[in-house]
Amino acid sequence: MEENELEQQDRRDFLSCLGSALACGAAAVAASALAPPATAATAATAGAKPPAIPGYDWSKHRWGYGVDATKCIGCLRCVEACKKENNVLGDAHHFRTWVERYVYLEGEETARIDSHADPVNIAASGSEGEYRFADRYKDAKVEKAFFVPKLCNHCTHPACVQVCPTGATYKTEDGVVVIDHTYCIGCQYCVQACPYGARYFDERRNVTDKCTWCYHRITKGLQPACVEVCPVGARIFGDLNDKQSPISQFVKNNQVQVLRRESGNAPNVFYVGIDKEVI
């Protein structure tokens, strides 16, 4: 069989398998319409199942996250803490959270944007395992500049969950989107579907990974590592069901924005202090 014929056959085989998976998914959806309301143990897709966490009731929480870009100083302690807490690859190109710098120079209408993964910033740090922003604008006429922390938005309608063929990516009842790596096959459909660039591929384990708001911490009453180490309080986390929580007060007292509202994902990370250049 010639090479083109082999490619066509491989494609047909793949589409056939995908069609079967979609058919099974449709059947599961149809069945769920007739079933009793889902509990925490059955809320996930047909693949992964939420873990049982002693003393934690996910039906009583609705987690949310805030970012105050007017406070962020670009110290990148959050990035370092996240990598240590969650065993993220140490180089500058794998991350669960990152920080972008937006700089408007006099006479320019478009912001110049860079992050810790920018080659100039890597060179300034001297290592891909250390993170800092180079002082590249010290002699420039800067009109406005600010830093924007970014991470998984834990969307109300997450596109990543919709495209996952195995159910490895799912949303918990308390609003957190997580990945069960025992079901992840590394297809990276979720990486492409995420409108925020919040997922990466971990070559060590051949799986995708992303921010989970440090789910192992928040279910024990702790803060995400990035929130805990922020020296200026630019990151805010809490329970939206609790009207007195830091995140509820942050949303109430500020004119908050979300990124890529038009995507329909309905993100649960709320920002203040950003402009139209931030997407």
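Quick note: the coordinates plus some simple rules give every number you see, no bench work behind them. On a predicted model such as this, the values are computed, not experimentally measured, just so you know. We place every Cβ from the backbone using ideal geometry, glycine too, and count neighbours over all the protein chains shown.
Using the 10 angstrom Cβ neighbour count as an exposure proxy, how do W58, W213 rank, fewest first?
W58, W213
Going by average Cβ density within 10 Å per residue, which order do the peptides 70-77, 86-93 take, highest to lowest?
70-77, 86-93
Stretched out fully, how many nm does the piece from R205 to Q162 gain, at 0.36 nm a residue minus the Cα gap?
Details: separation 43, 0.36 × 43 = 15.48 nm, distance 2.27 nm.
Going from the current span to full extension adds 13.2 nm.
At what distance in angstrom do the alpha carbon centres of the range 179-202 and the range 62-117 lie from each other?
Result: 20 Å between the Cα centres.
Which whole-number percent gives the relative contact order of the range 124-219, counting Cα pairs below 8 Å spaced six or more residues apart? Walk me through the numbers before you get to the answer.
Details: 104 pairs, mean separation 20.4, N = 96.
Here the relative contact order equals 21 percent.
Considering Cα pairs under 8 angstrom that are at least six residues apart, work out the relative contact order of the range 178-258 and quote it in whole percent. Numbers along the way, then the final one.
On the way: 69 pairs, mean separation 11.7, N = 81.
Here the relative contact order equals 14 percent.
Sort 61-67, 180-186 for me by packing, meaning the mean count of neighbouring Cβ atoms within 10 Å per residue, highest on top.
Put in order of decreasing packing, that is 61-67, 180-186.
Quick one: F201, F133, fewest Cβ neighbours within 10 Å first, how do they rank?
The order, fewest Cβ neighbours first, is F201, F133.
Under a plain spin-label model, where a point goes 7 Å from the Cα along Cα-to-Cβ, how far apart in nm are K84 and Q255?
Reported label-point gap for K84 and Q255 is 3.9 nm.
Can you compute the modelled spin-label distance between A140 and D275, with each label point 7 Å from Cα toward Cβ, in nm?
According to this spin-label approximation, the distance is 1.4 nm.
Based on the alpha carbon coordinates of the range 98-238, what radius of gyration and maximum Cα-Cα distance (Dmax) apply, in Å?
17.8, 52
Excluding S248 itself, what net charge comes from residues whose Cβ is under 12 Å from its Cβ, given Lys and Arg +1 and Asp and Glu -1?
Details: positive: R62, K243, K252; negative: D239, D242.
Net charge in that neighbourhood comes out at +1.
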